[in-house]
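Colleague: The structure follows.
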Amino acid sequence: MKVKFGRSLAIAITIGTGLLVLANFFVRNEFLRRVQQTLLDWALILAAVALLLGAVNVVATHLRKIRGRRPGWVYSLFLLAALGTVVLLGFLDPRGVASPAVSWVFLYVHVPLQATIFALTAFFIASAAYRAFRVRSVDSFIMLVAGIIVLLGQVPLGQAIWDRIAAAKDWILAYPSTGGARGIILGVALGTILTGLRVLLGIDRPHVK
Amino acid sequence: MDSILELLGNSGITATQALMFILLLLVLPLLALFASQLHAGKRIPLRPIRAFERLGTFIGQSAETGQPVHMSLGVGGIVDPSTAESLAGLALMEHVATEATACGAPLTVTVSDPTLLPLAQDTSRRAWETHPYQYQVQEPEARMIAPDATAYAAGVMDILLGERVAANIMVGRFGPEYLLMGETGVKCRVPQVVGAADPQVLPFVHATADDMLLGEEMFAVGAYLRPRPVHIASLRVQDWLRVFLILTIVLGVLLRSL
Amino acid sequence: MIYCPNCGTANRDGSSFCNQCGQRLGGGSKATCPFCGAENPIENIFCDACGAKLAPLVTPGVEEKEKPSLKGLSLPTKPAGDEEEVRDSEAAVPQEPSAPEGEEEIPDWLARLRASLGDSSEPVGEPPETEEFAAEVPGEGAELPEEELPDWLQELGVPPVGEVGEEQLAPAAEEFAAESLDEGAELPEEELPDWLQELGVPPVGEAGEEQPAPAAEEFAAEVPGEGAELPQEEFLAEAPLGEPLAEAPAEPEAEEVAPPAATPALAEQPEAETPAEGIPALSEGERPAPEAEPLAAWLQEEGPVILELSEEEMAEEGEGAPPAVMGPEVPAWLETLASGAAVLPEELGPVLATPGKPTPEEVGLERAAIPSWLEVLRPGRKREEGEEAPAEEPVETEGVLEGVRGALRLVPDIDPGPDQFVRAVSAAATVTPAHAETLTQVLARSTASSVRPRTVPVPRRERGLPWLAFLLLLAAVLIPLLAPGLVPGGATVPSALSAKAFATQVQNLPPGAKVLISFDYDPSVSTELDWPVREVVKDLQAKGATLLVMSTTPTGPGLAARMGLADTATLLGYLPGQEMGLQRLATSFSGAFLADYKGARVDEAALGVQSLEDVALIITAASSQDAVRWWVEQVGSRVNTPICAIVSGAIEPSVRPYYSSRQLAGLVSGWVGGLAYRQAVSPDAPLEAQSKAAIEAQSLGHLAIVVLIVLGNLAYWGKRLFGGRS
Amino acid sequence: MSDVSNLIGIWVSALLTVMVLSYLLGDNPLYRLAEHLFVGTAVGYAVLVAYYSLLRPRLILPLLQAPLENWTLVVPLLLALLLLARLNHSWRGAGMAPLAFLLGVGVALALGGALFGSLLPQVEGTMLSVNPADGGWGVAVGNLVLVIGTVSALAYFYFTGQGDTGWGRLRAGFLKAWRGLGKWFIMVTFGAIFASTVMARLSLLIGRLQFLITEIPKTLR
């Protein structure tokens, strides 16, 4: 009984907040806008709380790994150490994120790591290119042609090879490529609308037990 | 007509808003209509999507080999515009988790956004609780890696490289960091099923996944895997809206050109 | 009261599992690995020593049903009602093992089995042929060449009963079959569940199969026949494929329970569903195979165990000795059987359909298979610690069987007693149909598709080509960086109108104008965007503009601070809420930023900015098209201030439309765009050497990618055209 | 920040950069160490941001400093506590309410965003003139290609089929052709996006390498 009530309540909350927020898209109304603003502020706060929960989850996961001496547990030690250090530095200094210590870690540890790991995608893109553009069918041939034109059209070298290539690249990007992308985006929008409606109608309730 | 618009305008509703609202309202009766048709026994065939068919294979393999299945719900959350993609991932996850527990395949679900984590945890718990011998099977593990997209990708790479994954299923919102995960999966020769919606990412999904759920297809999970009349009806509505959009565009182009 | 060792919760006496946390209670704290014999902590899922999987896939469920209904108290393991029923039905079947000989060798349940068999079957059990059979069994089993199995069968991993039956059964089993049928008929009514009787299946015959062990004479007599039919070793070897099958062996217990009629569900379902839906062919005698297969798998698995017990050599001969553990598990397919009708057809249908015509005997066997097993096998009691389960016999852990390992879960130290079985069965009967369905679907699918090799290769670095790709790219990028000036085309940047428009916007700013810069990118693309942003900021500062710096990503302010903007500009900090945050910012600037980067309160009055209209120019530096879209849609539609964007090259195609539609007043994309901007602002200033080198590296890098694409195609077509022949 | 800390910083970041790049030689402990450090700092930094940018200024300080003015914040505070209650397993159910709230907001945002952020502008943007009189032949042809591309790519996703009545079959054949065309456009898009991404990613790599090549020698001087 209790559970059932909880469920109905949860569904009601979802539908209620959903409709309130959604209404703003359709009506320009000062009161509704303020209600929505309040709800969004609350949601932000809750998201921040959820982040704390998530951090607890991260810590717990790695603690478990360390306790179980599962493969790679040593790395988990470092992960926790890094996490702990950053959090500690941030909370020791009232300036928080802006404190010199945190800034230093951010500047000299976090940024280079993130930038370099992301830079690995350059290599991954190379090996993906090796595989992705094989001409297996008409489809993939089309992809190959479009890909190579755009690839060379972006750099001076391409223009040295064929002086119209930049124009060809621009044409592809402006028309056929945009067309395909729009089709995909519109499709996704349709899917999103129906997915959203199902939740707001209480048909899908991923959050209710 | 003008007077209606004026009336609406006075109450803060523009013509486009009214139009969109009508569009949204149209969906409801259609949905009800198709659902009732389905209940009455009408059959609506669905175009085959291979990724859905292959999922079970991978889970079966996982059960046989004891290697875990990794499922990623992407870097989206549930309080932002990527909510729908995250929900699609959750819907698929529910299916995957149920199948995995059913045949004893270990499953690890990772998320990046902390708001999605509780839902993933509940979903895995739910799948596990429906198992008749739940205490003899492993509950699928749902965990967060990091809220930052690149860090998340790095964590997933770590799982793919280090945990001998039997299959990698990724459905949700993905950004440019996808390539880090997708290509690592290829390198480790992990079979991958990936669903993503962002056109910026799709070429790389195409290049790295064995089976992909391209854009809109990822929202069809409910209809394909847990066939409920409402979900199939909802796909049908989607198709009708599609036709409506196409006609609108064509009409618009004609009006503009003439 | 039993206190849970794990969480301390008090559980009712007799509980097997903690009702709070699921910890196994009283069952001993060690799990013995059935493959290597190592002792593992009870909570281990994989054996510490050999990696075998210890956790059962599905064990005879002790509790599942009760847990939900009662909280705080875990029920005694035996529900009274069920138990009584069981007892009643069991009354007919002697429970105590009356095993004549060699108790040490034979696990209790076997003994009991024997006993039960013995009682009923002794009269029947000693046909003259027994001896021959016995002799034949081991030999044949071992001999079956794999080639005999049709490919599809192999793929499916289903023991080819049909074939086996035809080839081997036929000779040996003919007489046997006749007999076994007779035997079935002779069996006392009490023992046979109704449905069994209806089927007219000889329960004994099947039981016999399981126990080719010579140890028990009576058995031997019965067993040989069946044993001969089913080459056990081979089956096992193949078993890895068919998970369901592999697991099936576990079911004996459950099945045992079923027969006693204690579990109406089981009894009924087999009757109604199996014959009717699942295997319509059976009754016709056309398709014995389908049914036979599931049985076969079972039998085989069980068989090996027994074999090992009695004759170790046999086990060794068999290539894939069956993992001994199977006993206690309830096979998933059984459950499905119990719960849903359709299982058999789906899984077995295709498999069975193909094998050759079944001999009449086979037909009989098939029918008998499921039911009789259940009845005959009656394992179930708690193993004592230290006592070795049959499973623990040294079984081969490698080779074909390996795959099985994962599929078969071991229940190392619990052999649920008969009562538990009952429960398991009744549980199985009520198991959510959805679950059963799911399982069948999974199984059907996993067996049906042969697309991928069954065992997933262990992640391993792919050698060769990716490596080559990495190297090629690295070389292409490094050479120009170290030795600029080599690349044709040089560093002439394609002039970009959008970058020029950007420059114009900056240059036309009135002196002292307020400019809002939003760092909407994160460190991952900082390498690409930092430089153009720095260029723009430099020009803005040269114009004496007042910079307001914000970010829609949490890491953005850090990046801004990194450029020294924390001191030279007003660093408003992180605006949470992405799109919604921007919407709010557009409608009211005040209140959007409660505290700036340093935690100080933002004073809009001092800034002189009450709304975004007070700002002369908005610049977003973005790594995702979403951020640009938010600015354009949420801010651009509400505010008249021009918006310019500095974006990563990757998203230029998606962002450019906003420039074309004039929603963006200027656009700089990536590094190259930054150079174009630079040239537009000061056409005469020579490019720095570093930028030149970077552009050339970019050129050559693109060329390298093109080369890789070509190589990829050469490799692909080469393999396709010539690979087949070589 | 002092020069010394800067110097150390540059060396640390160079070291970390090299550690990550060592991944190219194969998955190795150095890389994994760097990667775990990265994940750790990312989570830690996010926690700090969540606290200093959100919780403190938007929830804690207002409630502490002016509880009466900000009494509405009690609601999120309660919801937050319910969410935190999830930490205790038996209280997990309590988290349903805050999750329901978040989901309601999120779904509405997604739905509204899809309608007004994607559907409307994209449809409007596709209603282009294909009349050469408006912008010349080049533009007209281009627009036509764009419109056909959009429409056919959209049709590519068609999910549901029709019975095999005559009309259904006709429709199926038509749809098949349409979908094939849509696939081509989608492939062009893939190729173009792939290629333009190459540019951005190569820039990143070049940037990192330049950092190693130029910054390190500077510190040695």
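The values are calculated or read from the model by the stated rules, or taken from the named source; none is laboratory data. Predicted, not measured: the structure shown is a model, and the values here were computed from it. When we count neighbours, we look across all protein chains shown, and the Cβ atoms used for this are built from the backbone with ideal geometry, even at glycine.
Colleague: Please list, ordered by residue number, the helices (runs of 4 or more DSSP H) wholly in segment A:114-206 having 3 or more residues that are within 9 Å of chain D (Cβ to nearest Cβ) and within 23 Å of C:Pro653 (Cα to Cα).
Modeller: Because the criterion is at least 3 residues that are within 9 Å of chain D (Cβ to nearest Cβ) and within 23 Å of C:Pro653 (Cα to Cα), the helices (runs of 4 or more DSSP H) in segment A:114-206 that meet it are A:138-153, A:165-174, A:176-200.
Colleague: Among the candidates A:Trp42, A:Trp73, single out the residue that is farther than 19 Å from D:Leu79 by Cβ, of a type outside the set (Ser, Thr, Tyr) and either in contact with a Lys or Arg (Cβ under 6 Å, 6 or more places away or on another chain) or modelled with pLDDT under 95 (or both).
Modeller: Selected residue: A:Trp73, the only one of A:Trp42, A:Trp73 that is farther than 19 Å from D:Leu79 by Cβ, of a type outside the set (Ser, Thr, Tyr) and either in contact with a Lys or Arg (Cβ under 6 Å, 6 or more places away or on another chain) or modelled with pLDDT under 95 (or both).
Colleague: Pairs needed: first member in segment D:134-162, surrounded by fewer than 24 Cβ atoms within 10 Å (Cβ to Cβ); second member anywhere, among the hydrophobic types (A, V, I, L, M, F, W, C) and in a loop (DSSP other than H, G, I, E, B); C-beta distance under 6 Å; at least 6 residues apart or different chains.
Modeller: Close Cβ pairs satisfying both conditions: D:Ala140/D:Val130; D:Leu144/D:Val130; D:Thr160/B:Ile44.
Colleague: Would you confirm whether or not segment B:92-109 contains a residue that is of a type in the set (Ser, Thr, Tyr) and buried (at least 24 other Cβ atoms within 10 Å of the Cβ)?
Modeller: Checked against the condition, which is being of a type in the set (Ser, Thr, Tyr) and buried (at least 24 other Cβ atoms within 10 Å of the Cβ), segment B:92-109 yields at least one hit.
Colleague: Mind checking whether some residue in segment D:49-59 is of a type in the set (D, E, K, R), at the interface with chain A (Cβ under 8 Å from one of its Cβ atoms) and farther than 29 Å from C:Arg601 by Cα?
Modeller: No, the conditions are met nowhere in segment D:49-59.
Colleague: Filter segment C:663-705 down to the residues that are under 54 Å from the mean Cα position of the chain (by Cα) and not in a helix (DSSP H, G or I) and list them by number. Before you say what the answer is, go through the steps one by one.
Modeller: Kept after step one, since they are under 54 Å from the mean Cα position of the chain (by Cα), are these residues of segment C:663-705: C:663-678, C:689-705.
C:Gln663, C:Leu664, C:Ala665, C:Gly666, C:Leu667, C:Val668, C:Ser669, listed by residue number.
Colleague: Take the residues in segment D:85-102 that are at the interface with chain A (Cβ under 7 Å from one of its Cβ atoms) and within 13 Å of B:Leu117 (Cβ to Cβ); name whichever of them is surrounded by the fewest Cβ atoms within 10 Å (Cβ to Cβ). Please lay out each step first, then the result.
Modeller: Start the filter on segment D:85-102 by keeping residues that are at the interface with chain A (Cβ under 7 Å from one of its Cβ atoms), which leaves D:86-87, D:93, D:96-102.
From what's left, within 13 Å of B:Leu117 (Cβ to Cβ): D:86-87, D:98-99, D:102.
Values: D:Arg86: 23, D:Leu87: 14, D:Pro98: 29, D:Leu99: 26, D:Leu102: 29.
Selected residue: D:Leu87.
Colleague: Now for a different question. Spot the failing condition for A:Asp163; the list is (1) surrounded by fewer than 22 Cβ atoms within 10 Å (Cβ to Cβ); (2) in contact with a helix residue (DSSP H, G or I) (Cβ under 9 Å, 6 or more places away or on another chain), and only one is missed.
Modeller: (2)
Colleague: For segment A:39-47, state whether one or more residues are over 21 Å from the mean Cα position of the chain (by Cα), farther than 15 Å from D:Leu102 by Cβ and without any contact (Cβ under 8 Å) to a residue 60 or more places away in the chain.
Modeller: no
Colleague: Here's something else I'd like to know. Tally the residues that are within 7 Å of another protein chain (Cβ to nearest Cβ), within 25 Å of D:Gly26 (Cα to Cα) and not aliphatic (A, V, I, L, M), restricting the search to segment B:193-238.
Modeller: Residues meeting the conditions: 3.
Colleague: Still on this structure: With (1) facing another protein chain (nearest Cβ under 9 Å); (2) outside any helix (DSSP H, G or I); (3) in contact with a Leu (Cβ under 9 Å, 6 or more places away or on another chain); (4) without any contact (Cβ under 8 Å) to a residue 24 or more places away in the chain as the list, and B:Val190 as the residue in question, which single condition is left unmet?
Modeller: (4)
Colleague: Check segment B:153-168 and report whether any residue there is under 25 Å from A:Ile184 (Cα atoms) and either outside any helix (DSSP H, G or I) or more than 7 Å from every other protein chain (Cβ to nearest Cβ) (or both).
Modeller: Looking through segment B:153-168, at least one residue is under 25 Å from A:Ile184 (Cα atoms) and either outside any helix (DSSP H, G or I) or more than 7 Å from every other protein chain (Cβ to nearest Cβ) (or both).
Colleague: Return a yes/no flag: does segment B:34-43 have any residue that is within 14 Å of chain A (Cβ to nearest Cβ) and over 21 Å from D:Gly161 (Cβ atoms).
Modeller: no
Colleague: I would also like to ask the following. Of the residues A:Thr121, A:Thr116, A:Thr14, which is touching a residue at least 60 places away in the same chain (Cβ under 8 Å), of a type in the set (Ser, Thr, Tyr) and touching a Lys or Arg at 6+ places or on another chain (Cβ under 9 Å)?
Modeller: A:Thr14
Colleague: Of all residues in segment D:7-18, count the ones that are surrounded by 19 or more Cβ atoms within 10 Å (Cβ to Cβ) and touching a Lys or Arg at 6+ places or on another chain (Cβ under 9 Å).
Modeller: Number satisfying all stated conditions: 1.
Colleague: Another question, then. If A:Tyr75 passes every condition in (1) facing chain D (nearest Cβ under 7 Å); (2) surrounded by fewer than 22 Cβ atoms within 10 Å (Cβ to Cβ); (3) of a type in the set (Phe, Trp, Tyr) but one, which one does it miss?
Modeller: (2)
Colleague: Can you tell me which condition B:Ile4 does not meet? The list is (1) away from chain C (no Cβ under 14 Å); (2) touching a residue at least 40 places away in the same chain (Cβ under 8 Å); (3) among the β-branched types (Val, Ile, Thr), and all the others hold.
Modeller: (2)
Colleague: Let me ask you something else. Out of the residues in segment A:88-103 that are facing another protein chain (nearest Cβ under 7 Å) and either touching a residue at least 12 places away in the same chain (Cβ under 8 Å) or in contact with a Ser or Thr (Cβ under 6 Å, 6 or more places away or on another chain) (or both), state the one that is farthest from B:Met181 (Cα to Cα).
Modeller: So, considering only residues that are facing another protein chain (nearest Cβ under 7 Å) and either touching a residue at least 12 places away in the same chain (Cβ under 8 Å) or in contact with a Ser or Thr (Cβ under 6 Å, 6 or more places away or on another chain) (or both), the one farthest from B:Met181 (Cα to Cα) is A:Gly90.
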